[in-house]
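The structure appears below as structure tokens.
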Amino acid sequence: MASLYYIPNWFFTTSIIFEIIFAVVTGLVAVLSFKVYNLSRQKEFRLFGLGFTFISLSYIIWSLINLFLLDQLSDALKVLSFNEFVSLGALGIYFYMLLFIVGLATLNYTTLKENSKSIYIIILLISLVGIITSFNKGFTFQILSSIFLAFLLIHFASQVKRNKNVKSLLVFFAFLSLLVSHVIFIFSTSQYMYYVMGHIFELVAYILILARLYIIIK
Amino acid sequence: MNKKRNKLEIIRDILQVINNRNGKIKPTHILYKSNLSHQMMEEYLKELISKEFIIESRNKTGKTYSITEKGHEYIKKYSLIAEFTESFGLE
């Protein structure tokens, strides 16, 4: 099995805090989206909220598994054997990857403005089967994420062109940072610094999204 | 020249027209005030009824429409809906 990530020891706790922040911000987008759905009854808001719910859940799983591993590491692996420890970590990361991809696929489907369940199912199946059957799941996941994020970026670029305001630019740069972070994560299987850089770009992305949320609700 | 209204704006305009008439209005008035074709207006009214934003009543003089609590809530929170829609390009 190919390696997923190289994580520097000094960054492990910080990365968990980052992941909790990502879960909270994406959770807030989902809550607001469901609130707008309740007000407008437009189904695209429900789907958009669902997409962000999947992404938020993926970060929750990622942070929980890392918290568990951190606890086991500090306990000098007394409870689990090394193989069990590695398998559990990998299983958690796979769940994170599957939920994150489902979330991104859902967001992409929402922006397509297509009213066809078949298209949604095809996008989901291709993505999930691609990851599950891949030998290097981490690499495939990052490539697929980057493709989905690139398409979302095109969507937000068209919004910037249309609205011509700073508020639209915030969301565009947020998704640009998210795309950059996932492209950087592709290399984190060989160099741990890429894992750190990926997290920093991801943090920038979610701070920008948080800023945009603040403007919406203020 | 005004820019083309999106769906959410049209819904707000129809609800405001009904609301401005003390919550009860005939379809001809909605047609006149909302600046839509007859077919489009019928489609929107059908959708608004299914979403429980308005209620259709029938009497001897014909159909009238009144706004519901959900419809009022939509008008009140429209700026939030519009901001969120614009942010993520969900129109």
(message) Counting only protein heavy atoms and a 1.4 Å probe, tell me what percentage of chain A's accessible area is made up of carbon and sulfur.
(response) 73
(request) Set the Förster distance to 25 Å, then compute FRET efficiency between A:Lys218 and A:Ser158 from the Cβ-Cβ distance, nearest 0.05. (result) 0.45
(request) Provide the FRET efficiency to the nearest 0.05 for the A:Gln191-A:Ile132 pair, computing r from the beta carbons and using R0 = 22 Å. (result) 0.25
(message) Suppose we compare each residue of the range B:76-91 in its chain alone and in the full protein complex with a 1.4 Å probe; which ones drop by at least 40 Å² of accessible area?
(response) B:Leu80, B:Ile81, B:Glu83, B:Phe84, B:Glu86, B:Ser87, B:Phe88, B:Gly89, B:Leu90, B:Glu91
(request) Quick one: pull the percent of accessible area on the range B:7-88 belonging to carbon and sulfur, 1.4 Å probe, ligands and nucleic acids left out. (result) 49
(request) Would you pull out the residues with amide H under 5 Å of B:Ile54's amide H, same chain only if 5 or more places away, H placed 1.01 Å from N? (result) B:Ile49, B:Thr68
(message) Give me the dipole magnitude in Debye, nearest 20, for the range B:7-88 about the Cα centre, with unit charges on the beta carbon: positive for Lys and Arg, negative for Asp and Glu.
(response) 480
(request) Express the relative contact order of chain A as a whole percentage, based on alpha carbon pairs under 8 Å and six or more residues apart in sequence. (result) 25
(message) Suppose all protein chains stay in the model; what accessible area per residue would a 1.4 Å probe give for chain A, in Å²?
(response) 48
(request) Using a 10 Å cut-off on Cβ to Cβ distances, tally the other chain neighbours for every residue of A:44-55 and report the average as a whole number. (result) 1
(message) Just to check, using Stokes-Einstein with a Kirkwood Rh over alpha carbon pairs, what's the diffusion coefficient of the range A:116-197 at 4 °C and 1.567 mPa s in µm²/s?
(response) 91
(message) Taking just the alpha-carbon atoms of the range A:9-217, what radius of gyration and Dmax come out, in angstrom?
(response) 17.6, 58
(request) Note the buried accessible area between A and B here, summed over both chains, with a 1.4 Å probe, in Å² to the nearest 100. (result) 2200
(message) Would you report the distance distribution of C-alpha pairs in chain B as whole percents per 5 angstrom bin, up to the bin with the largest distance?
(response) 3, 14, 25, 26, 18, 9, 4, 1, 1, 0
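The values are calculated or read from the model by the stated rules, or taken from the named source; none is laboratory data. From a predicted model like this one, the values you see are computed outputs, not experimental measurements. Note that we place each Cβ from the backbone using ideal geometry, even for glycine, and neighbour counts take in every protein chain shown. SASA here: full protein model, heavy atoms, side chains in, ligands and nucleic acids out. Shrake-Rupley method; radii C 1.70, N 1.55, O 1.52, S 1.80 Å.
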